[in-house]
Amino acid sequence: MKVLVATEKPFAAVAVNGIREVIEGAGYELELLEKYSDKKEFLAAVATADGLIIRSDKVDSEVLDAARQLKVVVRAGAGYDNVDLASATAHGVCVENTPGQNSNAVAELVFGLAVMAVRNMYDGTSGSELKDKNIGIHAFGQVGRNVARIAKGFGMKVSALDPYCPDEAIVAAGVEPVHSVEELYRNNKIVSLHIPATDETRKSVGFDLITLLPKNGVLVNTARKEVIDEDGLAKALRERPDIKYVADIRPDNADALKEEFGNRVFFTPKKMGAQTSEANINAGIAAARQVVAFLRDGVDKFRVNK
Ligand code: 3PG
């Protein structure tokens, strides 16, 4: 049986070695497809794969049609909006993620971006500190919890909104629960986005919410570009010259935003949140173990499709 690791943005070499050990140690063959630029390469490689490990690589119906032997795909990471779950189910393919494995890496980047924003992108002018400022965490999942932990180290006041997480769990983490999205944006100088991209959240953060931010507010997005209403963001930045937007994801209108708002906006050229050797090792090896557990024993603990 063959396991394909298809990563347009490759894992660190040390993580690939770990994945290889797990896959080959279980007696399976490993095929590595890294930095592919043409989907055709992916389609050809997946045709003979029984298991598939991906990152943000798109697995749509075309890929699933080509993957005639595929039984399981594990997204080494948290968000699985890059996989067509309904099509995977229709093709009899189990889809899993590896929750929590890269969350510290993403959370650390939140502060890399936040410090840069409050120090005016290191342009030489006098900025501000994070200590004693309010940070609002928009969705209290694994990344959000790590953001809370690190924020306390900075001496920040931490609150979080998450309708899917009971207040007791938020309070137990030493964080103040917030019950409306308006309250979250109105009361926090820094808001850090951690909502997944779903039908419910797409374009859900726009002009109305962003302009609620207090003076010199900073919106940090290490989640997904799809959750932002980009026209609303541009309008908010235009109307509120004190606000900044820093993101680990290039928006579709990145060039226009950069041109109009200069260093009040920042985007990483490629998604960098999970791009540490530690996160690659954690998520990559977890994915390899999950593929083996599924192919060998039918274990599907982290399945995300029906
Ligand atoms: C995730 O959902 O786990 C992160 O967005 C990381 O994505 P990546 O593996 O493409 O870096």
- Query: Quick check: anything in segment 185-194 in contact with a Gly (Cβ under 8 Å, 6 or more places away or on another chain) and either free of Cβ contacts under 8 Å to residues at least 12 places away in the same chain or within 16 Å of the ligand (Cβ to nearest atom) (or both)?
  - Reply: yes
- Message: Residue under question is residue 280, and the condition is that it be outside any loop (DSSP other than H, G, I, E, B) and not aromatic (Phe, Trp, Tyr); does it hold?
- Response: yes
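To keep it simple, each residue is scored yes or no on (1) without any contact (Cβ under 8 Å) to a residue 24 or more places away in the chain; (2) within 29 Å of residue 194 (Cα to Cα).
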position	(1), (2)
24	yes, no
74	no, yes
85	no, yes
91	no, no
116	no, yes
- Message: Where the second residue is basic (Lys, Arg) and buried (at least 17 other Cβ atoms within 10 Å of the Cβ) and the first is under 17 Å from residue 195 (Cα atoms) and free of Cβ contacts under 8 Å to residues at least 60 places away in the same chain and lies in segment 159-177, which pairs have Cβ atoms under 9 Å and are six or more apart or on separate chains?
- Response: 160/145
- Identify all residues within segment 91-130 that are in contact with a Leu (Cβ under 8 Å, 6 or more places away or on another chain), closer than 30 Å to residue 296 by Cβ and open to solvent by 10 Å² or more (accessible area, probe 1.4 Å); write none if there are none. 91
- Task: For segment 277-286, state whether one or more residues are polar (S, T, N, Q) and either surrounded by fewer than 21 Cβ atoms within 10 Å (Cβ to Cβ) or away from the ligand (no atom under 14 Å from the Cβ) (or both).
- Result: yes
- Note on the structure: In segment 45-82, anything of a type in the set (A, V, I, L, M), within 24 Å of the chain's Cα centre (by Cα) and open to solvent by less than 10 Å² (accessible area, probe 1.4 Å) is listed as 52, 53, 54, 59, 63, 64, 72, 73, 74, 76
- Selection within segment 253-277 - without any contact (Cβ under 8 Å) to a residue 24 or more places away in the chain and part of a loop (DSSP other than H, G, I, E, B): 253, 268, 269
- Message: Condition first: of a type in the set (S, T, N, Q) and either within 18 Å of residue 75 (Cα to Cα) or open to solvent by 60 Å² or more (accessible area, probe 1.4 Å) (or both). Now tell me which residues in segment 262-276 satisfy that.
- Response: 263, 275, 276
- Message: Yes or no: segment 186-194 includes at least one residue that is farther than 20 Å from residue 146 by Cβ and assigned to a helix (DSSP H, G or I).
- Response: yes
- Task: Could you tell me whether segment 17-26 includes any residue that is within 14 Å of the ligand (Cβ to nearest atom), at negative phi, outside any loop (DSSP other than H, G, I, E, B) and open to solvent by less than 20 Å² (accessible area, probe 1.4 Å)?
- Result: yes
- Query: Where residues in segment 209-252 are part of a helix (DSSP H, G or I) and in contact with a strand residue (DSSP E or B) (Cβ under 9 Å, 6 or more places away or on another chain), which of them is surrounded by the most Cβ atoms within 10 Å (Cβ to Cβ)?
  - Reply: 233
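The values are calculated or read from the model by the stated rules, or taken from the named source; none is laboratory data. A quick note: this is a predicted structure, and the numbers were derived from the prediction, not measured. Glycine gets a Cβ as well: all are built from the backbone with ideal geometry, and neighbour counts include every protein chain shown. These accessible areas exclude ligands, DNA and RNA; they are computed on the full protein's heavy atoms, side chains included. Shrake-Rupley method; radii C 1.70, N 1.55, O 1.52, S 1.80 Å.
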